[in-house]
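A.B. asks: Here you go, one structure.
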Amino acid sequence: MIEKTDALPLARTAALEARARKVIPCVTQTASKRPDAYAPGRFPTYIARGQGSHVWDVDGNEYIDCLMALGPVLLGYCYPPVDRAIAEQLARGIVFSRPTALEVEVAELLVEMVPGAEAVRFLKGGAEANSAALRMARAYTGREVVLICGYRGWHDQWAVLRNSPGIPHALSSLTDGFAMNDLSSLERALEAHPGQVAAVMIDPVARYAPELGFLEGTLELAHRHGALLIFDEIVTGFRLARGGAQEHYGVQADMAVYAKAIANGMPLAAVTGPRDVVAAGNAISLTYGDEALSLAAAKATLTAQLREDVSGHIWRVGRALVKGLAEAIDATGAPFELGAIPPMPSFVETETFQGEPLSEADRRRAWVFLLAELARRGVITRRNTTLLPSYSHTDDDVAHVVAAFGEAFADLVQLLRTGSLADRVADSPEPSFRRL
Ligand SMILES: Cc1ncc(COP(=O)(O)O)c(C=O)c1O
């Protein structure tokens, strides 16, 4: 049982953060992990180790992790069969001058599990795998434009819609966006680029679940305009079902992209699709595509999926979490709402409290307060996020998380009612990284 503390001891955290700020301008490499978007001084930054669904920070504080490394750790930290597979491969070697049998074995497993997968390419990260899928689609269709809904990663092609500095303007004419659950916005985007769209790319579930018929409609519209439909299954893959969102929703895209949960945290990504489409990207080449530790982890992770009902457990845990949090929100009137689906529920702020608008500053303060209160009760989450339960989360974990949220909600609501939140939380962090 994790005990509630009055104030988290975070001396080592503070010292490391100070050192990081001198040598890493963004403090840490993943935007969603940057400390300023949490509760500075009252929230862990550096993790020392994990086990199952729990992690310990560098100051020795223990937490239940509701994010699981932002999705990759689907089975749990230090999941024995995966760690054993990595250790055994480590004793043999990491990467060689020639491929290993693992590359063939993991590709065969994916072909067995993923709808529509005849052929597979391996990459290292989600943005990279999305870029590879787009290269294949462009080569296959002879077209250049891509239409995207949702976050695809940091690469220029994806970040051009976010106006990040350093991206050539020329790319913006090749990328257009459309909105989730709005087929007419996709139709307009397709009509704006007649005969030019190589691919329509979407993550089937993000902050919102797809409405009935939306994914089918996306497929139909893409095909009517001669474009391929690519599902970014980087979060949904292996989480919603063994065959990801394609299996869960019964909609088969032309290609699918996997990354996060494929190797329980080791850096591996994959693009799957028909043989001729995947072969159109044969010029794609990377030194680490056949790196054997990640492939050994993927083999063990996918084998666990074939033997055990991993996604069934994640649905059950997710349902219990959603039920408990929804009841806590109802009971307290806290300004938050849940969305999407139980294996990946979104947990976001509302713009009003008791029928009155909440200022942006108060919404930020509410998050700082909530995150700090959750951390001292041993729970890690982040602002406006998707909660990502794992195969290792237990009923006790859910009960603890729900109780922690309930207490923190009640205290927050009291502060909002009395107009004293700003007295308790003077600071307000930078807006957290949002996946558009
Ligand atoms: C749906 C989706 N696509 C792509 C990416 C990018 O993956 P990576 O950060 O591994 O490049 C992410 C990362 O969060 C994601 O959630």
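A.B. asks: Pick from the range 83-109 the residues that are in contact (Cβ under 8 Å) with a residue 12 or more places away in the chain and of a type in the set (Val, Ile, Thr): which of them is least open to solvent (accessible area, probe 1.4 Å)?
C.D. replies: Restricting to residues being in contact (Cβ under 8 Å) with a residue 12 or more places away in the chain and of a type in the set (Val, Ile, Thr), the top hit is Val106.
A.B. asks: So, one more: Here are some residues: Arg152, Arg188. Which one is away from the ligand (no atom under 16 Å from the Cβ) and of a type in the set (Lys, Arg)?
C.D. replies: The match here is Arg188.
A.B. asks: Taking Gly52, is it surrounded by fewer than 23 Cβ atoms within 10 Å (Cβ to Cβ) and touching a residue at least 40 places away in the same chain (Cβ under 8 Å)?
C.D. replies: Against the criterion (surrounded by fewer than 23 Cβ atoms within 10 Å (Cβ to Cβ) and touching a residue at least 40 places away in the same chain (Cβ under 8 Å)), Gly52 qualifies.
A.B. asks: Return yes when Glu247 is at pLDDT 95 or above, in contact with a Phe, Trp or Tyr (Cβ under 6 Å, 6 or more places away or on another chain) and under 18 Å from Ala117 (Cβ atoms) and no when it is not.
C.D. replies: no
A.B. asks: What's the number of the only condition in (1) within 13 Å of the ligand (Cβ to nearest atom); (2) buried (at least 24 other Cβ atoms within 10 Å of the Cβ) that Pro267 fails to meet?
C.D. replies: (2)
A.B. asks: Could you say which residue among Leu388, Leu370 is part of a loop (DSSP other than H, G, I, E, B), touching a helix residue (DSSP H, G or I) at 6+ places or on another chain (Cβ under 7 Å) and crowded, with 20+ Cβ neighbours inside 10 Å?
C.D. replies: Leu388
A.B. asks: Also, I was wondering about something else. Which one is farthest from Ile202 (Cα to Cα), of the residues in the range 131-149 that are in contact with a strand residue (DSSP E or B) (Cβ under 8 Å, 6 or more places away or on another chain) and within 14 Å of the ligand (Cβ to nearest atom)?
C.D. replies: This residue is Ala132.
A.B. asks: Over 19 Å from Ile2 (Cβ atoms) and aromatic (Phe, Trp, Tyr), is that true of Phe43?
C.D. replies: no
A.B. asks: Right, another one. If only one of Ala280, Ala241 is among the aliphatic types (A, V, I, L, M), within 25 Å of Glu144 (Cα to Cα) and away from the ligand (no atom under 16 Å from the Cβ), which one is it?
C.D. replies: None of the others qualify; the one that does is Ala280.
A.B. asks: Pick from Ala107, Ala87: which is more than 16 Å from the ligand (Cβ to nearest atom) and more than 24 Å from the chain's Cα centre (by Cα)?
C.D. replies: Ala87
A.B. asks: Can I ask one more? Pick out the one residue from Lys33, Lys22 that is crowded, with 17+ Cβ neighbours inside 10 Å and under 28 Å from Gly153 (Cα atoms).
C.D. replies: From the options Lys33, Lys22, the qualifying one is Lys33.
A.B. asks: Sticking with this structure for a sec: Suppose we keep only residues that are assigned to a helix (DSSP H, G or I) and within 16 Å of the ligand (Cβ to nearest atom) within the range 4-42. Which one would you say is farthest from Gly60 (Cα to Cα)?
C.D. replies: The selected residue is Ala31.
A.B. asks: What's the number of the condition Glu112 fails, among (1) surrounded by 15 or more Cβ atoms within 10 Å (Cβ to Cβ); (2) more than 16 Å from the ligand (Cβ to nearest atom)?
C.D. replies: Unmet condition: (1).
A.B. asks: Could you list, in sequence order, all residues of the range 349-367 that are open to solvent by 10 Å² or more (accessible area, probe 1.4 Å) and not in a loop (DSSP other than H, G, I, E, B)?
C.D. replies: Result: Glu349, Thr352, Phe353, Glu356, Pro357, Glu360, Ala361, Asp362, Arg363, Arg364, Arg365.
A.B. asks: Also, quick follow-up: Conditions first: (1) open to solvent by less than 30 Å² (accessible area, probe 1.4 Å); (2) outside any strand (DSSP E or B); (3) within 16 Å of the ligand (Cβ to nearest atom). Tyr288 passes all but one, so which condition is the exception?
C.D. replies: (1) is the only condition that Tyr288 fails.
A.B. asks: Does at least one position in the range 233-240 carry a residue that is open to solvent by 40 Å² or more (accessible area, probe 1.4 Å) and either closer than 30 Å to Ala300 by Cβ or modelled with pLDDT of 95 or more (or both)?
C.D. replies: No, every residue in the range 233-240 fails to be open to solvent by 40 Å² or more (accessible area, probe 1.4 Å) and either closer than 30 Å to Ala300 by Cβ or modelled with pLDDT of 95 or more (or both).
A.B. asks: Separate question: Check whether at least one residue in the range 221-232 is within 15 Å of the ligand (Cβ to nearest atom), among the aromatic types (Phe, Trp, Tyr) and without any contact (Cβ under 8 Å) to a residue 40 or more places away in the chain, and report yes or no.
C.D. replies: Yes, the conditions are met somewhere in the range 221-232.
A.B. asks: Being within 16 Å of the ligand (Cβ to nearest atom) and hydroxyl-bearing (Ser, Thr, Tyr): is that true of Thr45 here?
C.D. replies: No, not satisfied.
The values are calculated or read from the model by the stated rules, or taken from the named source; none is laboratory data. Here the structure is a predicted model, which is why all the values come from computation and not from measurement. Cβ atoms come from the backbone with ideal geometry, glycine included; neighbour counts cover every protein chain shown. Heads up: the accessible areas ignore ligands, DNA and RNA and are worked out on the full protein's heavy atoms, side chains in. Shrake-Rupley method; radii C 1.70, N 1.55, O 1.52, S 1.80 Å.
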